[in-house]
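Single-structure report; data block below.
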Amino acid sequence: MDLADGTAWAGVLAQVASGWLVADLITALVHLTLDKLWGTRCQHWPFVGRIIREFHEHHDSPELMPTRGFWASSTETVAASLLAVGLAFLGLHWLWGTVFLGTALCQEVHKYAHRRQRPGWITGLQAGGLLLRPQTHAGHHDGDFNRNFGILNGWSNPLLNPALALGERLFRRGKLS
Ligand SMILES: [Zn+2]
Ligand SMILES: [Zn+2]
């Protein structure tokens, strides 16, 4: 790709923006799955068990997770992203590179949506909607933990929230039970 060409930069930007949306959708689907996996056996599964416990602990005590360091909550997401890059050999591709970067950093970004103290550039990226806004994520914690599952930027919420609300309505009416 010749980046001296303006259209090439537009292509890169389109891929990075798409990757940032896909990454948020992945975090939302994984978050949704982990929130709903709360059987006694699931909590002790290797690799994901700790993350499942952390998500549920986070619902009960949202102030705890933001006090932890980067590796305490992001080891698994970084490992999974690096593994995916290694397996797919897609790390240099703009779209997938952005997806893997976003999913690797999602828990750190999530923590900044809860922290009261944050660097100005993080607040700026949140205000611009590139990182998860605290008020957007509050919609997950304020309700029944049934909406706003995206924890990278929340871009997937307008796609996923209506589908989940419809699924819940149909389930309540007994059409899916
Ligand atoms: Zn949750
Ligand atoms: Zn949270």
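Here the spin labels are modelled as points 7 Å beyond Cα on the Cα-Cβ line, and at His44 and Leu159 they lie 3.7 nm apart. Fully extending the segment from Phe171 to Asp60 would add 37.4 nm, taking 0.36 nm per residue of separation and subtracting the current Cα-Cα distance.
Could you tell me which helices of the chain pass both thresholds, a Cα extent of 30 Å or more along their own axis and a mean Kyte-Doolittle hydropathy of at least -0.5, with helices taken as whole DSSP H runs?
Values: long enough: 6-36 (45 Å, 1.01).
Those that pass (Cα extent of 30 Å or more, hydropathy at least -0.5) are 6-36.
Across the options Leu37, Ala104, Ala14, the greatest Cα extent toward the positive end of the charge dipole of region 1-126 (unit charges at beta carbon of Lys, Arg, Asp, Glu) belongs to Leu37.
Placing +1 on the Cβ of every Lys and Arg and -1 on the Cβ of every Asp and Glu, with no other charges, gives the chain a dipole of roughly 540 debye about its Cα centre.
Say R0 is 25 Å: what FRET efficiency, to the nearest 0.05, do His93 and Thr33 get from their beta-carbon distance? Kindly include the intermediate steps, with their values, before the conclusion.
Values: r = 26 Å, r/R0 = 1.03.
So, using R0 = 25 Å, E works out to roughly 0.45.
Report, in whole Å, the centroid distance computed from the Cα atoms of region 131-175 and region 15-33. Cα centres, region 131-175 to region 15-33: 14 Å. Its relative contact order, with pairs defined as Cα atoms under 8 Å and 6+ residues apart, puts region 11-172 at 30 percent. Computed over region 1-145, the percent of Cα pairs more than 19 Å apart is 58.
Within the shell defined by Cβ-Cβ distances under 11 Å, the residues around Glu76 carry a net charge of 0, with Lys and Arg each +1 and Asp and Glu each -1.
Readers should treat all values here as calculations from the given coordinates under stated rules, not as data from a laboratory. Remember, predicted model here, so these are calculated numbers, not experimental data. Backbone-built Cβ (ideal geometry, glycine too); neighbour counts: all protein chains shown.
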